[in-house]
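Before any comments, here is the structure.
Only the coordinates and a few stated rules stand behind these numbers; no lab work does. Source: prediction; values computed, not measured. Here Cβ is always computed from backbone atoms with ideal geometry, including for glycine, and neighbour counts include all displayed protein chains.
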Amino acid sequence: MEDLRLGNGYDVHRLEAGLPLFLCGIKIEGPLGCVAHSDGDVAIHALCDALLGALALGDIGKHFPDTSDEFKGIDSKILLFRTVKLVKGLGYRVGNVDLTICLQKPKLSSYVSLMRVTLAGILEIPVTSVSVKATTTEKLGFVGREEGCAVYATAVVIK
């Protein structure tokens, strides 16, 4: 019998002019980017939390602390790769993932396919097992005011 575990993750980063914006490992064109210790890929950070949570391993800050110079400016794809390696080291594999990116603008529809392909490669799963959705908050809250980006992630891991 398969051992299925479900984890969820949530992350938020403040947006600021003049910084690059990375989501799901892809650079997004626009005037605002995420303020962060790493490259600020809030989507990958939420996904790491979901994977770690599925196995009750704590959160991304426990494994990749923002107080460490090792992770200053790091490409978040490396953090995801290391998280997947940890999951596999415990005898699990990623089954599927689902992300919802909350960002008022820019629109992300033209990036979603590449995001899915990028994540699937790191997770070592078919692209059909990677869901990435984007939504606005209809100009409500910090996302609507373009002060920040929030991402919800869910991951299933299987032993």
State the number of residues belonging to region 66-76 that are assigned to a helix (DSSP H, G or I) and closer than 15 Å to Cys34 by Cβ. 2
Could you grab me the full set of residues in region 24-35 that are in a strand (DSSP E or B) and either touching a residue at least 24 places away in the same chain (Cβ under 8 Å) or β-branched (Val, Ile, Thr) (or both)? Ile26, Ile28, Leu32, Cys34
Out of region 144-153, which residues are surrounded by fewer than 21 Cβ atoms within 10 Å (Cβ to Cβ) and within 11 Å of the chain's Cα centre (by Cα)? Ala150, Tyr152
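Residue-by-condition table, conditions (1) charged (D, E, K, R); (2) at negative phi; (3) buried (at least 22 other Cβ atoms within 10 Å of the Cβ):
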residue: Ala56; (1), (2), (3): no, no, no
residue: Asp59; (1), (2), (3): yes, yes, no
residue: Phe64; (1), (2), (3): no, yes, no
residue: Phe71; (1), (2), (3): no, yes, no
residue: Leu80; (1), (2), (3): no, yes, yes
residue: Thr83; (1), (2), (3): no, yes, yes
residue: Gly95; (1), (2), (3): no, yes, no
Of all residues in region 1-23 being of a type in the set (A, V, I, L, M) and assigned to a strand (DSSP E or B), which is surrounded by the most Cβ atoms within 10 Å (Cβ to Cβ)? Leu23
Take the residues of region 131-143 that are of a type outside the set (S, T, N, Q) and surrounded by 14 or more Cβ atoms within 10 Å (Cβ to Cβ): which is farthest from Pro31 (Cα to Cα)? Val132
Every residue in region 97-115 that is touching a residue at least 24 places away in the same chain (Cβ under 8 Å), within 28 Å of Ala54 (Cα to Cα) and surrounded by 17 or more Cβ atoms within 10 Å (Cβ to Cβ), please. Val97, Asp98, Leu99, Thr100, Ile101, Cys102, Leu103, Leu108, Tyr111, Met115
